[in-house]
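Take a look at the structure below.
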2 protein chains.
Amino acid sequence: MGNSGSTTIQDASEREALRRIFPRLPQSRATIVGPGDDAAVLAAPDGRYVVTTDMMVHGPDFRLAWSSPFDLGWKAAATNLSDVAAMGAVPTALVVAIAAPPTTPLTDLEAIADGFRAACDALAPGCGVVGGDLSVSAALTFAVTAFGDLEGRAPVLRSGARPGDVVAVSGRLGAAAAGLRLLFAEAVDASGEPDASRFAAVAAAHPAEVAAQLRPEPPVADGPLAAAAGATAMLDLSDGLALDARRVAEASGVAIDLDPSLLHAAAAPGVDLRTALTGGEDHGLLAAFPPDTVLPGGFRPVGIVREGAGLLVDGAVFDERGGWDPYLEWDGGRG
Amino acid sequence: MGNSGSTTIQDASEREALRRIFPRLPQSRATIVGPGDDAAVLAAPDGRYVVTTDMMVHGPDFRLAWSSPFDLGWKAAATNLSDVAAMGAVPTALVVAIAAPPTTPLTDLEAIADGFRAACDALAPGCGVVGGDLSVSAALTFAVTAFGDLEGRAPVLRSGARPGDVVAVSGRLGAAAAGLRLLFAEAVDASGEPDASRFAAVAAAHPAEVAAQLRPEPPVADGPLAAAAGATAMLDLSDGLALDARRVAEASGVAIDLDPSLLHAAAAPGVDLRTALTGGEDHGLLAAFPPDTVLPGGFRPVGIVREGAGLLVDGAVFDERGGWDPYLEWDGGRG
């Protein structure tokens, strides 16, 4: 993020910073009392609300050589919207806490706000930011809490898959992981550190993969569609299909058997089977549907639920580790 | 926070860390779907819910030489509970995102969880933690989002104070600021850095002031009591009475006139008038009530609402800056 000559957050008061940001943020149709008081008040028309929270930290979760402030706002919104959708709910509102280095230009905060607005407008129209907090920290950090409305439906949990159900995925598998692999292979300098100028060439050569990693477009609308179609289980594909499918299998007390040819059809172009199975951050939806269901929205079948336990691919146990655990994999890098 | 020989978060998986923490966290009576899925589902019996979010970052917001992990969990909970109470709502639930250095022992995370539980049990029984996120960061960071139930009442905003209303405060003024002043004066080493061994002596000599700063006990129950008693305006005293009273005056289009003798009676023992007016982090409640109201709970009168604008003390304009702006005042220190 640049800081050439513009006002930084240490030059401005928190009040001034908020005054610059708030007009750019998306409005929520659920707002009863909006920003400016000690708390917001939101509508919960059916007497319930869905809540999820997620933190993104510079270093383990993003690199400033690769992500623009706009991209960061977009991704922080999109990943939380996807968690709401995975319950079968319609996202209604976000609250956003940001801790930023004191030298961060206010224009970067504005671009972050623009990313939040663009993501809400594109992925969950009517969802907006109803509150927030600004702090200082050496590491740029986003903490987003997202809310949703179940519209009278039961929430779709991980635990409801039944033998015979069709397993389906919305969103293309593996593109985000392919993008991350490209970035670490080609958008780095000679010492392996993320490099902004090399990034530009990679982004130009592989726009789909890079966008899937840096500016994901989760199929948010497919969450409520799946719930309405009778989905028995659902989750957000954040840690890789294999690991996430095992979670559904474990929570539901069943086995999930994935079909390689269906996986190939559900994978992003050029993505191999292993990446489709183990690549993280897809932010698609994995769901199980009763056998006769006409799959809604962008869902494609990838397998079937069976009696048993664990994850199978083409009938054979697949126990390869997949996915992303920040504690195991963070190298402390910061580029 | 110590790390002698115990398992750290980089040794454990996120799943193992969460398995250690969750049983220690307080339960929420509003839970419909609890932790473990993509999102929680909470009850909103009157079709609305109150939401507030706040971030605490090592350095600007706390020092590890002074705050134990238990204290940090307590304070992160208490300050958010107070914001919910200031709307006149009963706190129902929290979600907690924590980013911690990879070397943080799991026992410290357990102590943080214990602090959350103790604060909820003491200040808002029935309120619990319904979800969270764990990340790694060089700076220990807490992002808490808190929820509340208005129980059918209108929310109490900052904007409703009317000429003739009584201005009242619940909680003792200035103790937290007096504690912070003591810590920076006496609990530091020769170079001015926070020092754990000197801290012990200060905490023993001035337990009330130090506790007010590090383990505040906001009068959470007085928020709903004030709403039920007809409070016309209310806010959480986080940035100092003078600054916060000006916010109520501005939002309500009135002047607030504080009475020095009443302020003295509402101040913590030994706290001078200036500290009572400008000291931050009291986390008491400032409210306005119609003239004939029998003040509920722990509220004490401190002044009156008049026609006009701004803050007066004993009828004279008081425009001294007070309160805490992290962007202006952070020195980058980390002790």
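Computed from the coordinates by the stated procedures, all read-outs in this text should not be read as laboratory data. The shown structure was predicted, so the numbers you read here are calculated from the model rather than taken from an experiment. Here the Cβ is made from the backbone with ideal geometry for all residues, glycine too, and neighbour counts use every protein chain on show.
Dividing the radius of gyration of the alpha carbons in the range A:1-136 by their Kirkwood radius gives 0.97 for Rg/Rh. For a test of the definition: using alpha carbon positions, the gyration tensor, and the 1.5 limit on a/c, classify the range B:56-186 as rounded, prolate or oblate. The shape class here is oblate. Here the protein assembly as shown carries DSSP beta bridges of which approximately 75% are antiparallel, counting only pairs with both residues inside. Beta bridges assigned by DSSP with both partners in chain A are antiparallel in approximately 75 percent of cases. Other residues lying with their Cβ under 10 Å from the Cβ of B:Ala97 contribute a combined charge of -2, Lys and Arg counting +1, Asp and Glu -1.
Starting at 0 and stepping by 20 Å, how many percent of the alpha carbon pairs of chain B end up in each bin? The distribution over chain B is 32, 56, 13, 0, given as percents. Can you list which of the DSSP-assigned H helices in chain B have a Cα extent of 18 Å or more along the long axis and an average Kyte-Doolittle score of at least 1.0? Sorted by number, there is nothing, because no helix extends far enough and scores high enough. In the assembly of identical copies, A:Glu193 has its label point, taken 7 Å from Cα in the direction of the beta carbon, separated from the corresponding points by 2.5 nm (ascending, one decimal). In this assembly of identical copies, the label point of B:Gly164 (Cα plus 7 Å along Cα-to-Cβ) is separated from its counterparts by 7.2 nm, sorted shortest first.
According to the Kirkwood relation over distinct C-alpha pairs, the hydrodynamic radius of the range A:272-318 is 12.8 Å. Kindly identify the protein assembly as shown as rounded, prolate or oblate by the Cα gyration tensor criterion: order the square roots of the eigenvalues as a ≥ b ≥ c, call it rounded if a/c is under 1.5, otherwise compare a/b with b/c, prolate if a/b is larger, else oblate. In terms of gyration-tensor shape, prolate.
Residues in the range A:259-274 carry Karplus couplings, in order, of 9, x, 5, 5, 4, 4, 5, 8, 7, 5, x, x, 8, 7, 4, 5 Hz; the curve used is 6.51 cos²θ - 1.76 cosθ + 1.60 with θ = phi - 60°, and Gly or Pro positions show x. The modelled label-to-label distance between B:Ser13 and B:Glu250, using points 7 Å beyond Cα along the C-beta direction, is 5.0 nm. Average 1/r across all pairs of distinct alpha carbons in the range B:179-335, invert it, and you get the Kirkwood radius: 17.0 Å. A label point on B:Asp272, set 7 Å along the Cα-to-Cβ line, lies at 7.3 nm from each of its counterparts in the other copies, closest listed first. Partner shielding of A:9-19 amounts to 2, given as the average count of beta-carbon atoms from other chains within 10 Å of each residue beta-carbon. Each peptide among B:290-302, B:189-201, B:91-103 gets the average number of other Cβ atoms lying within 10 Å of its residues, and from highest to lowest they stand as B:91-103, B:290-302, B:189-201.
Rounded, prolate or oblate, given the Cα gyration tensor of the range B:106-248, with a/c below 1.5 counting as rounded? Oblate. Can you pull the Kirkwood radius for the range B:1-51, inverse mean 1/r over Cα pairs, to one decimal in Å? That comes to 13.8 Å for the range B:1-51.
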